[in-house]
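The values are calculated or read from the model by the stated rules, or taken from the named source; none is laboratory data. Given the structure is predicted, the values throughout are model-derived calculations rather than measurements. Here the Cβ positions follow ideal geometry from the backbone for every residue, glycine too, while neighbour counts run over all protein chains shown.
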Ligand code: MN
Ligand code: MN
């Protein structure tokens, strides 16, 4: 089973200048062969299909647990794409007028599916708009083969992240790739250690592979300063304990001690991205949905203000004072963690 936390794994900047062409490039990190959907589904299927778990527990725990982290990476790439697409079409109000040409400005820009099939949102596609493919999943059942594949998959994933970093300068893309380069490095080390323990082959002698100077990338360095390149989080309160039997020893590049953190990361609240009415997201007249939601909330005996936690005051057309309610909805634990 999987339990969800409504937070993202790293902080992303608020929407700024839209970049639909950049968003189309970032899609490679979502639905490309080496994207987050691939890492997520590879480790998910390998863990679902795992036989003799009790006999190979440390390796099962490692793969199953990294799968959970990859789910959050899929979420993070979507959040970056959505941030970059925000504002790419004009804000129009229905106002009783008939349709005009609000989408004219994005004709031939980026991925047309972002506007025609989707609501200015991420899609399970690569940078060419081709759908993510189940053939990208390798789950042979042979543990050494699967782990070797995973090491290579993480290598390709980091390579792709660096290329997107070098192609797209939008701050959301930079924050995303800077963080994922570091986390992918941790997964590479984890799979290299697992292979070393099983076969004696020392893949860490191949480091850094690919040769990515993460310490020279400001958006990565920031996370290395706080030790993100050393930590593997355990995404379950009670399970996957034995990954610690594999993920230990010195980091192959820095020599620092690897650490297992016995809880999921605190994460960060995501920005509540504003409606994009030109593509009817969430509606041609979003204020009507907000009214229905408010009515349902009242009927269900829920608080008058929305309970969810977002990085900004929710964008709403009504001019009600937002600040006090936003404070009330943030629990003290989360608030403290944010300032870490
Ligand atoms: Mn990932
Ligand atoms: Mn990974």
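Below is a table of values for the structure above.
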{"quantity": "Cβ pairs under 6 Å, 6+ apart, first in the range 176-199 and without any contact (Cβ under 8 Å) to a residue 12 or more places away in the chain, second away from ligand 1 (no atom under 11 Å from the Cβ) and not in a helix (DSSP H, G or I)", "calculated": "196/202"}
{"quantity": "Top-ranked residue of the range 199-213 - restricted to ones that are surrounded by fewer than 16 Cβ atoms within 10 Å (Cβ to Cβ) and not in a loop (DSSP other than H, G, I, E, B), ranked as nearest to ligand 2 (Cβ to nearest atom)", "calculated": "206"}
{"quantity": "Residues satisfying the stated conditions in the range 165-175, i.e. in contact (Cβ under 8 Å) with a residue 40 or more places away in the chain and either assigned to a helix (DSSP H, G or I) or not assigned by TED's automatic domain parsing to the domain that holds residue 83 (or both)", "calculated": "165, 167, 171, 172, 173, 174, 175"}
{"quantity": "Unique match (being away from ligand 2 (no atom under 13 Å from the Cβ) and buried (at least 23 other Cβ atoms within 10 Å of the Cβ)) among 157, 194, 175", "calculated": "194"}
{"quantity": "Test result for residue 131, outside the structural domain of residue 38 (by TED's automatic domain parsing) and away from ligand 1 (no atom under 14 Å from the Cβ)", "calculated": "no"}
{"quantity": "Matching residues, the range 133-154, being within 18 Å of residue 77 (Cβ to Cβ) and more than 16 Å from ligand 2 (Cβ to nearest atom)", "calculated": "133"}
{"quantity": "Some residue of the range 225-237 being touching a strand residue (DSSP E or B) at 6+ places or on another chain (Cβ under 9 Å), without any contact (Cβ under 8 Å) to a residue 60 or more places away in the chain and part of a loop (DSSP other than H, G, I, E, B)", "calculated": "yes"}
{"quantity": "Residue check for residue 87: more than 16 Å from ligand 1 (Cβ to nearest atom), closer than 15 Å to residue 40 by Cβ and in contact (Cβ under 8 Å) with a residue 40 or more places away in the chain", "calculated": "no"}
{"quantity": "Residue 173 touching a helix residue (DSSP H, G or I) at 6+ places or on another chain (Cβ under 6 Å) and within 16 Å of ligand 1 (Cβ to nearest atom)", "calculated": "yes"}
{"quantity": "One residue from 90, 99 being assigned by TED's automatic domain parsing to the domain that holds residue 176, at pLDDT below 95 and not in a helix (DSSP H, G or I)", "calculated": "90"}
{"quantity": "Near pairs, Cβ below 6 angstrom, 6+ apart or cross-chain, from the range 140-157 (outside any helix (DSSP H, G or I)) to any residue that is away from ligand 2 (no atom under 12 Å from the Cβ) and at pLDDT 95 or above", "calculated": "140/146"}
{"quantity": "Qualifying position, being more than 19 Å from residue 3 (Cβ to Cβ) and in a loop (DSSP other than H, G, I, E, B), among 253, 266, 242", "calculated": "253"}
